[in-house]
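Quick notes on the structure that follows.
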Amino acid sequence: MKVLLSGGGTAGHVNPALAAADHLKRTKHAEILFIGTERGMESRLVPEAGFPISYIEVSGLIRRLTLKNFAVLAQCITAYKRAKKMIKEFQPDVVIATGGYVCAPVVFAAHSLKIPVVIHEQNVIPGVTVKLAAAQADKICISFPETKSHLKPGYEEKCVLTGNPIRKSLFQIDREEARAQLGLDNRPFVVAFGGSLGADRLNAAVTELLNTTDTSSFQLLLGTGQRYYEQVNQQVKNQGTNIRIEPYINRMDLVLAAADVVIGRAGALTVSELSALGKPAILIPSPNVAHDHQTYNAKSLEKAGAALVIPEAELCGSRLEKALRDIIAHPEQQARMAENARRIGITDGTERICDAACALLS
């Protein structure tokens with residue numbers, strides 16, 4: 001079995017493809033090839049994972065009227081021809097595309113050669129590439145039920161609810177064992193982080209909360225992001241043994257296993273992991289993303305009763321404190337949110353995506 005995968009630009013597009021590649025290699029002994037760009041994160045992440053990758057040169061369209069888009073379209077035509085040549089040489093049985101503009105020429109080339117195509121969308125709101133290539137796909141794997149309503153009418157039959165790939169390590173640590181390793185006591189444990197780079201507004205709100213409220217009733221770990229660490233560490237005045245501030249959370253699997261409440265952004269993989277783990281959340285969607293897709297991701301959990309959502313424009317220490325108290329001061333509410341999260345969580349996203357791809361070969 002030969003599988004060609006394409007997904008690039010950000011880790012959010014590359015990691016689902018890597019999860020699928022690893023699963024297919026282990027369970028189906030599949031031969032794998034990636035197609036990406038040399039500028040995207042795939043150029044580092046894919047070789048580090050031990051998979052071969054070939055490159056095409058392609059850029060995304062600029063979302064305003066500009067003559068530069070003519071050059072982008074010309075580049076896309078060249079990328080399509082190169083992708084078609086690579087596909088003919090590799091002769092895959094199926095193509096799996098996980099988003100990013102690099103996928104478009106690959107999907108169109110595969111479709112023209114009558115190779116089955118699976119597209120995976122991580123967010124509630126489909127990206128431009130997924131919308132553009134949906135007509136060429138045989139199956140569209142979606143991570144949220146709401147995604148169907150954001151695709152063109154007639155594509156519903158192609159959709160398969162798979163969820164996002166979830167790291168297996170997240171389910172391999174017992175909660176009590178994790179709390180013991182972290183040196184936690186019986187008080188609620190709150191984890192706050194703004195992604196690997198950190199989030200300035202989230203850091204500021206948590207700092208305000210810590211400096212203006214009694215924190216003795218809970219324990220908190222704040223992952224600031226490396227560039228914000230020194231600033232936040234100096235600004236937080238009330239740093240007791242129950243408050244920890246770190247530039248980066250290295251053992252996220254351990255920390256999430258121990259957490260009672262999570263405060264964070266609403267990237268697709270984050271909200272998928274939180275729901276799969278059954279973690280009540282306070283979500284602050286980033287406003288600096290295409291189509292405001294993090295808000296839609298967050299609202300999906302809020303609608304299910306698994307999260308409270310605070311728009312970044314309304315975020316401050318007092319608003320964050322109220323949301324946090326509403327959860328940790330009411331154990332029955334916390335338990336209900338956890339159960340609601342587990343109810344919508346999908347723990348086998350990788351397997352479902354791969355099953356959807358393999359089903360096209362039968």
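Tabulated results
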{"quantity": "Theoretical ellipticity at 222 nm over the chain - DSSP helices of four or more residues, -39500 (n - 2.57) apiece, nearest 500", "calculated": "-13000 deg cm²/dmol"}
{"quantity": "Those chymotrypsin sites (Phe, Trp or Tyr not before Pro) in segment 187-278 that DSSP places in a loop and that have at most 12 other beta carbons within 10 Å", "calculated": "none"}
{"quantity": "Vicinal HN-Hα couplings computed from phi for segment 250-259 (Karplus, 6.51 cos²θ - 1.76 cosθ + 1.60; Hz; Gly/Pro x)", "calculated": "6, 9, 5, 4, 5, 5, 5, 4, 8, 5"}
{"quantity": "Helix 349-359 vs. the chain, principal-axis angle (Cα, 0 to 90°, nearest 10)", "calculated": "20 degrees"}
{"quantity": "Protection proxy ranking of 134-144, 271-281, 196-206 - average other beta-carbon atoms within 10 Å, highest first", "calculated": "271-281, 134-144, 196-206"}
{"quantity": "Packing-based ranking, highest mean first, of 20-30, 106-116 given that Cβ atoms within 10 Å are counted", "calculated": "106-116, 20-30"}
{"quantity": "Among A137, V46, L221 - extreme Cα towards positive end, dipole of the chain, charges at beta-carbon", "calculated": "A137"}
{"quantity": "Principal axes of segment 137-259: Cα extent on each, largest first, Å", "calculated": "57, 32, 24"}
{"quantity": "Under 5 Å, built H, 5+ apart or other chain: amide partners of M41", "calculated": "G9, T10"}
{"quantity": "Cα gyration tensor shape for segment 176-329, rounded if a/c is under 1.5, else prolate or oblate", "calculated": "rounded"}
{"quantity": "Additional length obtainable on full extension of the chain from H29 to N288, 0.36 nm per residue less Cα span", "calculated": "89.2 nm"}
{"quantity": "Under-5 Å amide H pairs with H120, H placed in peptide plane, nonlocal only", "calculated": "A97, T98, G99, C141"}
{"quantity": "Heavy-atom accessible surface of the chain: percent carbon and sulfur, 1.4 Å", "calculated": "52 percent"}
{"quantity": "Segments 169-181, 118-130, 342-354 sorted - mean Cβ within 10 Å per residue, highest first", "calculated": "118-130, 342-354, 169-181"}
{"quantity": "Dipole magnitude (debye, nearest 20) for the chain, charges at Cβ of Lys, Arg, Asp, Glu", "calculated": "1060 debye"}
{"quantity": "Probe 1.4 Å, protein heavy atoms only - accessible area per residue of the chain in square angstrom", "calculated": "45 Å²"}
{"quantity": "Alpha-carbon centroid distance for the pair segment 85-105 / segment 306-362, whole angstrom", "calculated": "32 Å"}
{"quantity": "Close Lys-Lys pairs in segment 1-159, where close means Cα under 12 Å and separation is 8 or more or interchain", "calculated": "8"}
{"quantity": "5 angstrom amide H check on D93, placed H, neighbours 5+ away", "calculated": "K2, V3, L4"}
{"quantity": "Coordinate range along principal axes, alpha carbons of the chain, Å, largest first", "calculated": "64, 46, 39"}
{"quantity": "Three-way shape call for segment 305-362 based on the alpha-carbon gyration tensor, with the a/c threshold at 1.5", "calculated": "oblate"}
{"quantity": "0 to 90° range, to nearest 10: angle between helix 103-112 axis and the chain longest Cα axis", "calculated": "30 degrees"}
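The values are calculated or read from the model by the stated rules, or taken from the named source; none is laboratory data. As the structure is a computational prediction, the values presented were derived from the model and not from experiment. Neighbour counts run over all protein chains shown; Cβ positions are idealised from the backbone, glycine included. Surface accessibility is based on the protein's heavy atoms, side chains included, excluding ligands, DNA and RNA. Shrake-Rupley method; radii C 1.70, N 1.55, O 1.52, S 1.80 Å.
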